[in-house]
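J.: Before anything else, here's the structure in question.
The values are calculated or read from the model by the stated rules, or taken from the named source; none is laboratory data. Just so it is clear, the model here is predicted, and its values are computed rather than measured. Ideal geometry is used to build each Cβ from the backbone, glycine not excepted, and the neighbour counts take in all protein chains shown.
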Amino acid sequence: MYLITGATGSIGRPLVDALLAQGAAVRVISRDPAAAAGLPAGVDVVQGDPRKPEPHVFQGISALFVHPRAVGEEAAGRLVSAAAEHGVRRVVVMSAINVDEEPAHQPSRYNGDRNREVEEAIVQGPLPWVSVRPTSFALNTVAMWAGQIRAGDVVRGPYADFAEALVHEKDVAETIARALQDDALDGRYLPVTGPQSLTQAEAVAVIGEAIGRPLRYEEIPAESAAQGMVRFGGLSEPFVQALLARYARGAGRPAVVAAPTGASGPTGRIGRTFAEWAADHAAAFGGTGR
């Protein structure tokens, strides 16, 4: 049986689905079991705080998935030590592909993420470990662009030629599922990206194809974009400034496509394209969806 933290989130839910599809038994720990009511039948939902788990949570568990946001920096080490004391044999943590960059170059840190610290706690802990390091999630485009796309055919933003290999959340989840079950991956850092580098302008065009409506990306000055993100997007100014600095550093260069998305990687399959992701999420942009 596998114990999952953050099971109702954008990674936890497809991870649960992936494990169940493979016939695995799944337990999730949730502070509010009512929030986990939408999980599939057969999932063992245990009420508790993943930061302070009771011993019974680990009964029958062979491997643990640690989601940094669900567990947090201060509790990660305690959680893994408790898991080891109660017979858990492996831990998988989700980190980020840019975790080794200097903190100022990691925009998510300004939103409270502590991927590096949680990963270090797992690596230095008592259990065999795997760290899954995804690049930017394709899901981020919903928050950044969906409002503009539902309102019209133009997405206005900075750095049209900034490129990313946006990753489908299901590919990340399937990599985590494999890592939970395969001890051949122990001790590895696994970068996970989409299979192609796309500029922001190209990604917007792909979304247009998915929803059956031509879209274009109109570049605007970074200063104007920053004001809009803070004023209308509800984003913090430090996060926005770090994000735009990241765009500026990478503008005009293709994104790195990591090898583990290939057929020889942990999931044994080519990663899903951004076009596939856009088709899966067309409804978020005003399309029909599938």
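J.: Can you tell me which residues in region 12-37 are modelled with pLDDT under 95, of a type in the set (A, V, I, L, M, F, W, C) and assigned to a loop (DSSP other than H, G, I, E, B)?
T.: ALA37 - this is the single residue of region 12-37 that is modelled with pLDDT under 95, of a type in the set (A, V, I, L, M, F, W, C) and assigned to a loop (DSSP other than H, G, I, E, B).
J.: Can you tell me how many residues within region 59-77 are buried (at least 22 other Cβ atoms within 10 Å of the Cβ) and over 19 Å from the mean Cα position of the chain (by Cα)?
T.: 1
J.: Now for a separate question. Among GLY157, GLY125, GLY147, GLY152, which is in the same structural domain as ILE220 (by TED's automatic domain parsing) and buried (at least 17 other Cβ atoms within 10 Å of the Cβ)?
T.: GLY157
J.: Specify which of the listed residues (LEU244, LEU198, LEU166) is buried (at least 16 other Cβ atoms within 10 Å of the Cβ), of a type in the set (A, V, I, L, M, F, W, C) and under 21 Å from HIS67 (Cα atoms).
T.: Result of the check over LEU244, LEU198, LEU166: LEU166.
J.: Another one. ALA37 is checked against (1) closer than 27 Å to PRO126 by Cα; (2) exposed (fewer than 14 other Cβ atoms within 10 Å of the Cβ); (3) of a type outside the set (Phe, Trp, Tyr) and fails just one. What number does that condition carry?
T.: (1)
J.: Further, regarding this structure: Could you pull out every one of the helices (runs of 4 or more DSSP H) wholly within region 57-155 that has 3 or more residues that are touching a helix residue (DSSP H, G or I) at 6+ places or on another chain (Cβ under 7 Å) and within 24 Å of LEU185 (Cα to Cα)?
T.: It comes to 73-85, 115-123.
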